[in-house]
1. Of all residues in the stretch 42-58, how many are in a helix (DSSP H, G or I) and more than 15 Å from the chain's Cα centre (by Cα)?
2. Quick check on the stretch 89-100. Is at least one of its residues at pLDDT 95 or above and in contact with a Lys or Arg (Cβ under 6 Å, 6 or more places away or on another chain)?
3. Name the residue that is farthest from the chain's Cα centre (by Cα), counting only residues in the stretch 63-107 that are among the small types (Gly, Ala, Ser) and under 19 Å from Gly34 (Cβ atoms).
4. Of the residues that make up the stretch 37-55, is at least one among the acidic types (Asp, Glu) and on the phi > 0 side of the Ramachandran plot?
Amino acid sequence: MKIIIVLVSTLLLSMPIYSSAEDDICGSLESLAGRIMESRQNDIPMSALVNELTKMEDKKLADLVRQMIIDAYEISSYSSDSYKEKAVLEYRNSIYLECIKARKNSK
């Protein structure tokens, strides 16, 4: 998770400092984190997600997403729908929290 903080901080330092920008980037990362964890919980191969990174033009963002994928796949996959939903929610929240912390520290 510490690598994500560094990557988010680097990414956010290049953005203008507006609260709406914070909401946009952190909300986007939260949503992406949810999709990544849903893929994890639905046993989508990690390689399928990593292969999508080649389509990204922004290297810093690709590095951030790669680390998010790695972190998500280090978390267990569950068979119960309620546990899957909880894992997705917890991961989304952790990414959003790290983003707003990094954003606060970059100001």
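The values are calculated or read from the model by the stated rules, or taken from the named source; none is laboratory data. Here the structure is a predicted model, which is why all the values come from computation and not from measurement. Because the Cβ atoms are built from the backbone with ideal geometry, glycine has one as well, and the counts that use them run over all protein chains shown.
1. Number of matching residues: 5.
2. No, the conditions are met nowhere in the stretch 89-100.
3. Here the residue is Ser80.
4. yes
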